[in-house]
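Following: one structure in C-alpha cells, then a few remarks.
The values are calculated or read from the model by the stated rules, or taken from the named source; none is laboratory data. This one's a predicted model, so the numbers in the text were calculated from it and none came from an experiment.
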Amino acid sequence: MQINLTIPEIRYGNSNFLVDSSGILTAKGAEIQGKLYTIESEVGKGSKGSDGNIRIGESASDLDEQGQETGTTYAAIYTIGKPRFSATSSGFYLGTNGLSLGSDFSATAQGQVEAKNIRLIGYNG
C-alpha cells in the first residue's frame, strides 16, 4: 500500500484500490456485502448526473396536463434521464406509481398498460 501525502492519494496494487485527492474511491472487482448507502442516492459508471446512472429515492414531481409540476413525488428507481413516470425520454422508471420503459411502454400501479407495436403470442382470450 502506498500513501502519498504530496498528491494526496492512497493506492494499493496496480490501482485496483485507489482513493484520490478528491475522495473518489476506485475498487476494481469489489464485492459489497450488507447495506449500501449513498448520500447522493445515485449509482452508476458515469460521473454524477450522467444519463446512464441510476437514482434510487424520490421521483421528480408529476406533471399536470399543462406540463406544470404538481408537487406529487413517488419512491422510485430510475435512470437519470427519466426521473418521472411520464417522461418520454429513453431509460427506465420503476416507482410506486408504475413502470415505464422509454416512450413506448408503461404500466401504472392500477394495471393500465400502454404499449406501442405490441405483439401477443399464445393469447386464447
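Within the option set Gly52, Gly46, Gly34, Gly71, being at pLDDT below 85 and on the phi > 0 side of the Ramachandran plot holds for one residue only, Gly34.
Every residue in the range 15-33 that is outside any strand (DSSP E or B) and small (Gly, Ala, Ser), please. Even if it seems obvious, please write down each step before you answer.
The initial filter retains those residues of the range 15-33 that are outside any strand (DSSP E or B), namely 15-16, 20-24, 28-33.
Correct list: Ser15, Ser21, Ser22, Gly23, Gly29, Ala30.
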